[in-house]
Amino acid sequence: MPAPGRYLKQNAFILETKEGRREIPIYSEEGFELLSHLWVRSAWQQKIYARLTWMGIPIYQIPEDLLMLQELVFRVQPTVILETGTAHGGSATFYASMLDLLGKGRVLSLGLHITEEARRTIEAHPMGRRITLIPGSSTDSGVRARIRELIRPEDKVLVALDSDHSSSHVRAELEAYAPLVTPGSYAVVFDGIMEVLADAPDGKSKWTTDNPSSAVRDFLSAHPEFEADPHYNRLRVTYCPGGFLRRKAS
């Protein structure tokens, strides 16, 4: 172990800016913010999100967001969680297990390409009894109509959007499904972090403008009945910056 204080630069970030050199202590609020931002970028490049499972099924999320989601589900107490983007079924299983702990509720999981393997895995899973799989595009009018048929007037609805992450698609999903969100509940938009990953080795330059965060900002400017809730970004490490959208109480 180095002598205390001997390697001061180990306890600070050194930033070179147009205004000159700055030192930011890693134990400061600003240092924590910067460290969290760097961790998210580096961990995304290492595909950490693809190394996790939930109750045996791959779940393409990070632990910090899952912790915030379980807080949100307990707070809202939804009877329906509508998810777009089924993938392997890990997120649907996560939501179903949270509802199972509450002793109520069901998950509607909508996926453009739900594989037979994913379907068999989910249907055989203990949480499968709370999950309804809906194949098709989330922006298809027939799919939207089926979703509306499956939601009862008395249901309390929470929406999680995690399919195609292009700005236009997310914007269309928000227009289609945000109206289903119960006042006081939330629409959660995933992967807004793409906006700052455009220059990552596996990123894409178009993500600078074509990303879920731009869709969220556009949606909020047109829908004052929703607001971004920073409470669920307080861990700083998140793939959903500004993506927890609360529908204001009527």
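The values are calculated or read from the model by the stated rules, or taken from the named source; none is laboratory data. These numbers were taken from a predicted model, which means no experiment stands behind them. Virtual Cβ from ideal backbone geometry, glycine too; neighbours counted across all protein chains shown.
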> Somewhere in region 57-76, is a residue farther than 29 Å from residue 181 by Cα and at pLDDT 95 or above?
Replying inline: no
> Going by the conditions given, is residue 152 assigned by TED's automatic domain parsing to the domain that holds residue 234, over 21 Å from the mean Cα position of the chain (by Cα) and part of a helix (DSSP H, G or I)?
Replying inline: no
> Could you give every pair whose Cβ atoms fall below 9 Å, whose first residue belongs to region 23-51 and is farther than 27 Å from residue 91 by Cβ, and whose second residue is among the small types (Gly, Ala, Ser) and assigned to a helix (DSSP H, G or I), counting only separations of at least 6 or pairs across chains?
Replying inline: 24/31; 25/31
> For the subset of region 106-126 comprising residues that are within 16 Å of residue 53 (Cα to Cα) and in contact (Cβ under 8 Å) with a residue 40 or more places away in the chain, which member is surrounded by the most Cβ atoms within 10 Å (Cβ to Cβ)?
Replying inline: 122
>> The conditions are (1) exposed (fewer than 15 other Cβ atoms within 10 Å of the Cβ); (2) on the phi < 0 side of the Ramachandran plot; (3) assigned by TED's automatic domain parsing to the domain that holds residue 198, and residue 33 fails exactly one of them. Which is it?
In response: (3)
>> Criterion first (in contact with a strand residue (DSSP E or B) (Cβ under 7 Å, 6 or more places away or on another chain) and more than 25 Å from residue 100 (Cβ to Cβ)) does residue 181 satisfy it?
In response: no
> Is there a residue in region 196-215 that is without any contact (Cβ under 8 Å) to a residue 24 or more places away in the chain, assigned to a helix (DSSP H, G or I), surrounded by 23 or more Cβ atoms within 10 Å (Cβ to Cβ) and out of contact with any Ser or Thr (no Cβ under 9 Å at 6 or more places or on another chain)?
Replying inline: yes
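Name every residue in region 34-66 that is among the charged types (D, E, K, R) and within 27 Å of residue 98 (Cα to Cα), in order of residue number.
Kept after step one, since they are among the charged types (D, E, K, R), are these residues of region 34-66: 41, 47, 51, 64-65.
47, 51, 64, 65 - these are the residues of region 34-66 that are among the charged types (D, E, K, R) and within 27 Å of residue 98 (Cα to Cα).
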> Hey, among 168, 163, which residue is assigned to a helix (DSSP H, G or I) and under 19 Å from the mean Cα position of the chain (by Cα)?
Replying inline: 168
>> Considering only residues that are closer than 15 Å to residue 73 by Cβ and touching a strand residue (DSSP E or B) at 6+ places or on another chain (Cβ under 6 Å), which ones fall in region 110-156?
In response: 130, 131, 155
